[in-house]
Amino acid sequence: NAGVTQTPKFQVLKTGQSMTLQCAQDMNHNSMYWYRQDPGMGLRLIYYSASEGTTDKGEVPNGYNVSRLNKREFSLRLESAAPSQTSVYFCASSAKDSAHSGNTIYFGEGSWLTVV
Amino acid sequence: GDSVTQMEGPVTLSEEAFLTINCTYTATGYPSLFWYVQYPGEGLQLLLKATKADDKGSNKGFEATYRKETTSFHLEKGSVQVSDSAVYFCALTPYSGAGSYQLTFGKGTKLSVIP
């Protein structure tokens, strides 16, 4: 009953360091997402992958890259971390089985990232 | 573009009080509407959803009705409990087409229920 699993849960980085957040889902979902959550801003979409082999920019993609490694896994990479990237990051997934938009999106438990 | 506006928090209520969290949206066509809840230290969980006008979503004593005429999806609960303390997010997905599976979130409303 794992759902969406993301690692690490907590990370402290120095400015300029790089790191990768890992995400995996076991629900056979086609679509996966990375969001960031900041106080007073709600959740904002960084990148998404509509299906295996495709990735697209969301609302706030600058400073990030993603890889859809296979249907299960979708990683988020910070190449050169900046203090502005201090945030809580959520991976999510959804089944996209029709054009109707009622698909539920399932979230991981979050990764708390601090850049000093 | 699409947007969601929900009431500013924080909201503090006594146990067994009535809860309303207002949510209005701007979108073309007929979006699907959602309420997500985030308990402290956890990820977001779907609370309820409605996919067409006049639909009522309900779960765990919470309800929200999709009102197309007022572009609203207000969350209500008749009697809150301490365990309902969390941050509540209103969200929508577009009707169809590219990006129809992407959520647009409101900024969240923090609810604190005191005994």
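The values are calculated or read from the model by the stated rules, or taken from the named source; none is laboratory data. This is a predicted model, so every value here is computed, not measured. Positions of Cβ are generated from backbone atoms using ideal geometry, with glycine treated the same way; all protein chains shown enter the neighbour counts.
Values as computed for the structure displayed
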item: Members of segment A:15-51 found to be of a type outside the set (S, T, N, Q), over 25 Å from B:VAL4 (Cβ atoms) and in contact with a strand residue (DSSP E or B) (Cβ under 6 Å, 6 or more places away or on another chain), listed by number; result: A:MET19, A:LEU21, A:ALA24
item: Pick from segment A:55-74, criterion within 11 Å of chain B (Cβ to nearest Cβ) and surrounded by fewer than 16 Cβ atoms within 10 Å (Cβ to Cβ), ranking: modelled with the highest pLDDT; result: A:ASP56
item: Test: residue in segment B:40-48 that is closer than 24 Å to A:SER111 by Cα, more than 9 Å from chain A (Cβ to nearest Cβ), aliphatic (A, V, I, L, M) and in contact with a Gly (Cβ under 9 Å, 6 or more places away or on another chain); result: yes
item: Which listed residue is touching a His at 6+ places or on another chain (Cβ under 8 Å) and either away from chain A (no Cβ under 11 Å) or part of a helix (DSSP H, G or I) (or both), from B:ALA64, B:ALA17; result: B:ALA64
